[in-house]
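All remarks here apply to the structure that follows.
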Amino acid sequence: MLKALAAIVARALAAAGRVTLVPVIEAGRLVWRTVRSALTPADPIGEAEAAFEAEAAEPAPAPAPLSAEEAWGRAALAHLMGEEYEAVLDEAATAYLDGLSVDQQVALSRHDNAAVGRHLLGERLLPSLPRPPTPAEFRAIEAARTAAAAAEAQEALRGDDAMHKYIMAVLDDLIAEPSRAA
């Protein structure tokens, strides 16, 4: 019985590829010996661990560059949240984002980065939001705003100039009058 059990174990190990049964003739008799096979595969767990360590040692690949829409969308959402982001947005886009109401900002933030970027670039407008101005339109608006501010400042200077002339005339009159105290 023990001999049969040993034969079963030997055959199971041979089937697993760990050991090989080799017939050997010793002292005129045929004897089966178990020999570790040189061609048996290495430990699969050890191989997996070595592959994992080798993969972990490799440097991480560089992230793919963002598309223009994706970069504008990320920058716009970061601007809405008050965070600093790369200087991707131009003045027209930041002025547009600052001019949105809270409800419009929430509606804009519900979209993904690429959709927000396409909206700001004017490629595909979002229906629930106002159209963002193009850079040329923004420059025209800013020029009109600057001209209005300059005209207002000029008007204020004219008023100050008239007041200055009046004060100087009063002072000249006071200087020209003879002294009454004497």
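No lab work stands behind these numbers, since they all come straight from the coordinates. Just so you know, these numbers come straight off a predicted model, no measurement behind them. FYI the Cβ positions are ideal-geometry reconstructions off the backbone, even for glycines, and counts take in every protein chain you see.
Annotations
- Neighbour counting of Cβ atoms within 10 Å sorts the residues TYR96, TYR85, fewest neighbours leading, into TYR85, TYR96.
- Dividing the mean sequence gap of close Cα pairs (under 8 Å, 6+ apart) by how many residues the chain holds gives a relative contact order of 13 percent.
- Residue-averaged 222 nm ellipticity for the chain, from DSSP H runs of 4+ at -39500 (n - 2.57), nearest 500: -20000 deg cm²/dmol
- Length-normalised contact order of segment 68-133 in % [C-alpha pairs under 8 Å, at least 6 apart]: 44
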